[in-house]
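Below is one structure; the comments refer to it alone.
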Amino acid sequence: MSALARLLLLVLLAFAGCQREERSFRADPVATESIEKVALVPLSPGPSGPVTDTSGKGKEYENNAYHLAQGKTLYKWMNCNGCHANGGGGSGPALIDDLWIYGGSIENIVQTIREGRPNGMPSFRGKIPDDQIWQIAGFVRSMSGNVPKDAAPGRDDALHPRPAENRTPEFPPVSGGAPPPR
C-alpha cells in the first residue's frame, strides 16, 4: 500500500469517526410525542415513592450543542422571554436558579411546556412539535448550568447581565419549591 493510499485511508477513517452532533432537519409531526411519566413531588401513597418512567430522550437533547442552540432560538421565537425575562423571572418564575416548583429534570420541564401549569403557564400541546419542546427544555436546563459546558450555547451579549450558559456554575434543582439549604 502506497503512502498516499494510507494517508487517504487515514483521512477517511478520521471523518467517519467524527460524530460531534447529530442533526435532524425535519421535525416529527405534532401528533407524535414521547410518553414520560414524571413525578412532581416525592410524595405518594404507601411505603414506596412515586413511579417514574422516562424514555432517556432527554440526554439526547441535553448533550447536543445543535439541539441546545435550536432551543435557545425557539425560546425567543415562542416569547418565553415575555414571562421569564431571559431566565431571570418576571411574571413567570426564574429559570436560572436552583428552585424548581414542578421539578428540574428535563422530563419535568417538557411536561410543564407541553401541559402548562396553573396560574399562567399555557399548554403548548399540539402547537409545538415534540422535538422542539425537548429543545426548549434542554435550553432551559442550560440556563442553570445543568448541561455539559461544551454543549451549552453562548450568550447574547445584549440580553444577559450574567455569564453565558456555557460559563454558568451548576445549580442542581431543588424539587418541591423549597428554598435550597444554605
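The values are calculated or read from the model by the stated rules, or taken from the named source; none is laboratory data. What you are looking at is a predicted structure, and each value in this text was computed from that prediction instead of being measured. Every residue, glycine as well, gets a Cβ built from its backbone with ideal geometry; the counts of neighbours run over all protein chains shown.
Brief remarks on what is shown
- Pairs with Cβ under 8 Å, 6+ apart, first in the range 145-171 and within 17 Å of ASP97 (Cα to Cα) and surrounded by fewer than 18 Cβ atoms within 10 Å (Cβ to Cβ), second at pLDDT 75 or above and among the aliphatic types (A, V, I, L, M): ARG162/ILE96; ALA164/ALA152; PHE171/ILE96
- The number of residues in the range 47-68 that are surrounded by fewer than 20 Cβ atoms within 10 Å (Cβ to Cβ) and assigned to a helix (DSSP H, G or I) comes to 5.
- Checking each residue in the range 119-150 for being among the aromatic types (Phe, Trp, Tyr) and either part of a helix (DSSP H, G or I) or under 11 Å from the mean Cα position of the chain (by Cα) (or both) picks out TRP134, PHE139.
- Filter result for the condition that a residue is at positive phi, in a loop (DSSP other than H, G, I, E, B) and either modelled with pLDDT of 90 or more or surrounded by 16 or more Cβ atoms within 10 Å (Cβ to Cβ) (or both), over GLY89, GLY103: GLY103
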